[in-house]
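Participant: This structure is in structure tokens; I'll ask about it shortly.
The values are calculated or read from the model by the stated rules, or taken from the named source; none is laboratory data. Values in this document were obtained by computation on a predicted structure and should not be read as measured data. Cβ placement follows ideal geometry from the backbone for every residue including glycine, while neighbour counts extend to all protein chains displayed.
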Amino acid sequence: MHDINFIRNYPEEFDKSLQLRFLDPVSNKIISLDKSKREILTSSQELRFKRKTISSQFAKSDDVEKSKLQEEVRLIKEKIDNLENELLKIDNEIHLILSSLPNLPDQDVPQGKDEDDNLLIKTVGENPAFDFKPLAHYELGENLKMMDFDQAAKVSGARFVYLKNDFAKLERAIANLMLDTHTNKFGYTEVNPPNLVKDSAAYGTGQLPKFSDDLFKTNSDHWLIPTAEVPLTNLHLETTANEKDLPARYTAWTPCYRLEAGSAGRDTRGMIRQHQFSKVELVSLVKPENSNEELERMLNCATSILDSLKLSYRIMLLSSGDMGFSANKTYDIEVWVPSESKYREISSCSNCGDFQARRMNAKYKCNDGNIFLHTLNGSGLAVGRTLIAIVENYQNKDGSIDIPDVLVPYMGGKKIISLK
RNA sequence: GGACAGAUGGGUGAGUGGCUGAAACCAACGGAUUGCUAAUCCGUCGUACUUCGUAAGAGGUACCGAGGGUUCGAAUCCCUCUCUGUCCGCCA
């Protein structure tokens, strides 16, 4: 949600920023709506004042005067009702426009149309050299009988998978490594949040009103979370935090549910793109002046997992056209996937500025008053894709898979996954 | 799912039609004082919007879970909804 005052004060700048997202200018329209809104509001407030003044004379009036006063108030009330109706209409219109506009890109963000314009920040690690043709994770998994897409299709349809045996355990091990790292080493508070949320929460983080097509909805009118970002960030929905409780850092391991409505035909093989996947999420709520450095810190928390797993990856700064709705700046972390000979997104870390906080009404109290927080979120990391990366990067010629050293304790001492 | 009770400012909580944007206490903040890890005293202390003003500031409107209604006038009366608590039923 945008600050209407900012649009009032800097309309050209606002439209210019929207243009980076390939959107038409709207400040003119918003400002003129806002202007008539305030005119109506002022007259309605004056009328209310008048009504209040008249009413206060009522008790000390005689009967003739009383009926006169009643009539007067009745007329005023009619006027107020009309104004309020108009006000409501305009307000809704403004709100709809404002809540459908994405966040404005930060000045660091490269201008561009899509992922081709993303900026490579750095590449870390060495891609493994195989003396055989590396298999894809789904081939390895099916050969090991630890990934079952066929049965999942029968039971649940496309884009689902059964993980079994050591793969199921590996997924749990990966998540535990991530959670332990983020809580013990980086000070995040572990949370086990609700996986179903109401409209207001989905609105707060920006999934609604524009992206309902991407979400699963229950028959109780709940939304299945597409990411733990939603319930974690909304821990601050309609709250005013104390300054001393900041920064607030939360991490959670949850399933994520996505309809993938717009990606028919993409990544249909394997478990790159599923309707349900698990992810360890990082969320920070910080004072405005700290959000830039918090983004760098968060990025570092996420990459440290890949470092400890000895997986190679690269960091991309997303271009203005490739960023998500709520973000003003986003880093993607992409891990090396040998079977595809390319890097694939495994984490996305975003600074949302006060964009979500305005929608959620999430503030903190300080000497200067109550101020909107800045919110950040990042995957730390996508667990399913981490499993893919491990399976493919650590595969051996015989189809077995070495377990990265750091995960061995989490696998009960097991060092290799192979056909039983 | 059934029955009853409740929802007031950061917290506890008073308030059943006009004198209530809201007592009191606690917390917080500012100050004073006392030589003893604190006490006492004084003061300040909700939010949003808006009008006037260069500004400091001065006015106004709205908000007592949400939305409707009654009334000249609603935190207070009525209706609907949401949430919370307790008991019963069911249940991982």
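Participant: If we scan segment A:56-72, do we find a residue that is closer than 30 Å to A:T330 by Cβ and loosely packed, with under 13 Cβ neighbours inside 10 Å?
Facilitator: Among the residues of segment A:56-72, not one is closer than 30 Å to A:T330 by Cβ and loosely packed, with under 13 Cβ neighbours inside 10 Å, which makes the answer no.
Participant: A:I388: out of contact with any Gly (no Cβ under 8 Å at 6 or more places or on another chain), modelled with pLDDT of 95 or more and buried (at least 19 other Cβ atoms within 10 Å of the Cβ), yes or no?
Facilitator: The answer is no for A:I388.
Participant: Name the strands (runs of 3 or more DSSP E) wholly inside segment A:321-420 in which the number of residues that are assigned by TED's automatic domain parsing to the domain that holds A:Y257 and more than 16 Å from RNA strand B (Cβ to nearest atom) is 2 or more.
Facilitator: A:329-337, A:342-351, A:374-382
Participant: Of all residues being at pLDDT below 90 and among the polar types (S, T, N, Q) in segment A:235-261, which is nearest to the chain's Cα centre (by Cα)? Just the residue, please.
Facilitator: Per the stated criteria, the residue is A:T239.
Participant: List the helices (runs of 4 or more DSSP H) inside segment A:1-60, counting only whole elements, that have at least 2 residues being over 16 Å from A:S99 (Cα atoms) and away from RNA strand B (no atom under 12 Å from the Cβ).
Facilitator: Those helices (runs of 4 or more DSSP H) span A:11-20, A:27-56.
Participant: Looking at A:L208, A:L177, which one is part of a loop (DSSP other than H, G, I, E, B) and of a type in the set (A, V, I, L, M)?
Facilitator: So the residue among A:L208, A:L177 that is part of a loop (DSSP other than H, G, I, E, B) and of a type in the set (A, V, I, L, M) is A:L208.
Participant: Do you know which of the residues in segment A:271-280 that are of a type outside the set (S, T, N, Q) and touching a Pro at 6+ places or on another chain (Cβ under 9 Å) is surrounded by the fewest Cβ atoms within 10 Å (Cβ to Cβ)?
Facilitator: Here the answer is A:F277.
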